[in-house]
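Peer 1: Take this structure first; my questions come after.
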Amino acid sequence: MLHLRVRYWHFLEMLKLWRYLEHFEMGGYQDHYPNYSRLCTACHILDKGLHIREFQVGHSARVYCQAKTLMAKLPADAPFRQDEAFRWCANVIKQYEKAQEAKAVQLPEIHLDSSEADQRTFDALVRSRTSCRDFVMDEVSDQVWREIVELALSAPNSCCRQTVRYYIVHNTEAIQKLAPLVAGATGFNKVIPYFICVTSDLRVYTSKDHRLPYIDAALSLDLFSLAARTRGILSTILNFEHATVQERR
């Protein structure tokens, strides 16, 4: 009997994993972000080669061609062409081309200054961040949210995929519908003024990478909460990992 229970438990766990992997099939949803993300990944590979002292002419030529092809596919009016990551991609391609012509790579020298005052400021900031469940209903401007999200998106992410998205909801009726669907969204003393959904675009991950979206989003969310704290905004991070099938729908 115990053996059958174990097998049944394994079956349920496999079913959960299958349902999770279903999320990687995004259907017919199409836009240019997958190509943009793949461009960032290709430039990430080129950038690693540009920081190796034993430079080899022609190395990663296939990846360079891929990056050029992806760059050409992106529309001239695509909004993400204003992203810092996109400008970084363009710069990496130029550096790669210059290195091929010069048959050498010029490594940048970076000197970071650190002081005890910087350490104390950072330590105080980290220790002052706390989970808050009792908010005032003050409004936060869109500009402030943009500043916070821009900082959050500068977090390291796997292969520079740039998949993290922030959806900021400031609608009481919508928040009252959304909050109960998240495990742990209890114990708040008043209506939640802002409900922020943090997601990863799964279209550029593979099932082999199925844990990386969580890591990428978490790294970004950590910076988000600290950047919000510097602007006088406290938050609470809620976990959607244990959502039921009904809640995911």
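Peer 1: Within the bounds of the range 72-83, is there any residue that is under 25 Å from the mean Cα position of the chain (by Cα) and aromatic (F, W, Y)?
Peer 2: Step one: of the range 72-83, the residues under 25 Å from the mean Cα position of the chain (by Cα) are 72-83.
From what is left, the residues that are aromatic (F, W, Y) are 80.
Yes, because at least one residue in the range 72-83 is under 25 Å from the mean Cα position of the chain (by Cα) and aromatic (F, W, Y).
Peer 1: Do we have V198 as under 21 Å from the mean Cα position of the chain (by Cα), within 23 Å of Q246 (Cβ to Cβ) and without any contact (Cβ under 8 Å) to a residue 40 or more places away in the chain here?
Peer 2: Working: under 21 Å from the mean Cα position of the chain (by Cα): yes; within 23 Å of Q246 (Cβ to Cβ): yes; without any contact (Cβ under 8 Å) to a residue 40 or more places away in the chain: yes.
Answer is yes for this residue.
Peer 1: A further question follows. Please state which one of S200, S220, S154, S158 is closer than 30 Å to D123 by Cα and surrounded by fewer than 14 Cβ atoms within 10 Å (Cβ to Cβ). If you could, list the steps in order and put the result at the bottom.
Peer 2: Details: S200 fails: surrounded by fewer than 14 Cβ atoms within 10 Å (Cβ to Cβ); S220 fails: surrounded by fewer than 14 Cβ atoms within 10 Å (Cβ to Cβ); S158 fails: surrounded by fewer than 14 Cβ atoms within 10 Å (Cβ to Cβ).
The match here is S154.
Peer 1: Using the structure shown, decide if A174 is more than 24 Å from D142 (Cβ to Cβ) and at pLDDT below 95. Walk me through it before giving the result.
Peer 2: Numbers: more than 24 Å from D142 (Cβ to Cβ): no; at pLDDT below 95: yes.
In short, no.
Peer 1: Looking at (1) modelled with pLDDT of 95 or more; (2) open to solvent by less than 60 Å² (accessible area, probe 1.4 Å), can you tell me which one K94 breaks?
Peer 2: All conditions pass for K94, except number (2).
Peer 1: For the range 127-142, how many residues are open to solvent by less than 70 Å² (accessible area, probe 1.4 Å), under 25 Å from the mean Cα position of the chain (by Cα) and in contact (Cβ under 8 Å) with a residue 12 or more places away in the chain?
Peer 2: Start the filter on the range 127-142 by keeping residues that are open to solvent by less than 70 Å² (accessible area, probe 1.4 Å), which leaves 128, 130, 132, 135, 140-141.
This time we only want the ones that are under 25 Å from the mean Cα position of the chain (by Cα), so: 128, 130, 132, 140-141.
Pick out the ones that are also in contact (Cβ under 8 Å) with a residue 12 or more places away in the chain and you get 128, 130, 132, 140.
Selection size over the range 127-142: 4.
Peer 1: Is the range 203-211 home to any residue that is in contact with a Phe, Trp or Tyr (Cβ under 7 Å, 6 or more places away or on another chain), within 26 Å of K16 (Cα to Cα) and of a type in the set (D, E)?
Peer 2: No, that holds for no residue.
Peer 1: Let me ask something additional. Residue by residue through the range 223-238, note down the ones that are open to solvent by less than 50 Å² (accessible area, probe 1.4 Å) and more than 11 Å from the chain's Cα centre (by Cα).
Peer 2: Of everything in the range 223-238, those that are open to solvent by less than 50 Å² (accessible area, probe 1.4 Å) and more than 11 Å from the chain's Cα centre (by Cα) turn out to be S225, L226, A227, A228, I233, S235, T236.
Peer 1: Continuing with this model, one more query. Only one of Y64, Y36 is modelled with pLDDT of 90 or more, open to solvent by less than 80 Å² (accessible area, probe 1.4 Å) and under 16 Å from A99 (Cβ atoms); which?
Peer 2: On inspection, the qualifying residue turns out to be Y64.
Peer 1: A follow-up question, please. For F55, work out the one condition from (1) over 24 Å from D201 (Cα atoms); (2) modelled with pLDDT of 90 or more; (3) open to solvent by less than 70 Å² (accessible area, probe 1.4 Å) it doesn't fulfil.
Peer 2: (2)
Peer 1: Which one of these is farther than 27 Å from W88 by Cα and in contact with a strand residue (DSSP E or B) (Cβ under 6 Å, 6 or more places away or on another chain): I175, I237, I233? Talk me through it step by step, then tell me what you get.
Peer 2: Values: I237 fails: in contact with a strand residue (DSSP E or B) (Cβ under 6 Å, 6 or more places away or on another chain); I233 fails: in contact with a strand residue (DSSP E or B) (Cβ under 6 Å, 6 or more places away or on another chain).
Answer to the check: I175.
Peer 1: Every residue in the range 67-79 that is surrounded by 16 or more Cβ atoms within 10 Å (Cβ to Cβ) and part of a helix (DSSP H, G or I), please.
Peer 2: Those that are surrounded by 16 or more Cβ atoms within 10 Å (Cβ to Cβ) and part of a helix (DSSP H, G or I): A67, L70, M71.
The values are calculated or read from the model by the stated rules, or taken from the named source; none is laboratory data. Keep in mind the model is a prediction, meaning the values are calculated, not measured. We place every Cβ from the backbone using ideal geometry, glycine too, and count neighbours over all the protein chains shown. Keep in mind that these areas ignore ligands, DNA and RNA; they rest on the heavy atoms of the full protein, side chains included. Shrake-Rupley method; radii C 1.70, N 1.55, O 1.52, S 1.80 Å.
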